[in-house]
Amino acid sequence: GDISYVRTQEGWLYLAVILDLHSRRVIGWAVSNRMKRDLAIRALNMAIALRQPPKGCIHHTDRGSQYCSHDYQKILRQHGFKVSMSGTGNCYDNAAVLRRGRQSTGLSSFSLLTFFKTTKAELLWQRSWPSRRTAELAIFEYINGFYNPRRRHSALGWKSPLAFEAQTA
């Protein structure tokens, strides 16, 4: 999981994402005009509702205050997650959301960096956003109408996340 931001004419829109590293599928996401713990919690709750993960599932984030908060950690404990966090000051540990990086935790750190970079290049940097709501709607359409069902990934043998999951199920 990680958080990024989008510039709109109303101000910043923050986007929290939970990505399944096996399929590169966005399984939880939320937006807000504030980067607080409730933003990360809403994305986590969406991911839990969608996946109903088994106990022992690894949940990796950076050490941001949203992810270190008591409320966030309590939800992880209640659902039996194994908590993995980036090393202090090490942005490359969470690169799966951001970009290909080292794998100090044994997890691919490439996907989240890649997701945010791809989303910004393919959608968010293509035009200006007059409001947070217009950006939110575009992100919703991008994730659910393109990224998960149709966007092909080289790491998945040029399949989309949903096609890859269907093949490996």
Query - Matching residues in the stretch 133-145 - criterion: being open to solvent by 60 Å² or more (accessible area, probe 1.4 Å), under 20 Å from residue 7 (Cβ atoms) and of a type outside the set (A, V, I, L, M) - result: 133, 140, 141
Query raised in the report: Which helices (runs of 4 or more DSSP H) does the stretch 1-95 wholly contain that include 3 or more residues that are without any contact (Cβ under 8 Å) to a residue 60 or more places away in the chain?
Result: 37-51, 70-78
Report summary line: Across the stretch 7-25, the tally of residues that are open to solvent by 10 Å² or more (accessible area, probe 1.4 Å) and β-branched (Val, Ile, Thr) stands at 2
Report task. Write out, first by first residue and then by second, each pair whose Cβ atoms fall under 6 Å of each other, whose residues are 6+ apart or on separate chains, and whose first residue, in the stretch 149-165, is part of a strand (DSSP E or B) while the second is open to solvent by less than 40 Å² (accessible area, probe 1.4 Å) and not aromatic (Phe, Trp, Tyr). Result -> 153/24
Requested in this report: Please enumerate the residues belonging to the stretch 146-169 that are surrounded by 15 or more Cβ atoms within 10 Å (Cβ to Cβ) and either of a type in the set (Gly, Ala, Ser) or under 11 Å from residue 23 (Cβ atoms) (or both).
Outcome: 148, 153, 155, 156, 159, 160, 161, 162, 163, 164, 165
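The values are calculated or read from the model by the stated rules, or taken from the named source; none is laboratory data. What you are looking at is a predicted structure, and each value in this text was computed from that prediction instead of being measured. Glycine gets a Cβ as well: all are built from the backbone with ideal geometry, and neighbour counts include every protein chain shown. Just the protein is used for accessible areas: all its heavy atoms, side chains included, with ligands, DNA and RNA removed. Shrake-Rupley method; radii C 1.70, N 1.55, O 1.52, S 1.80 Å.
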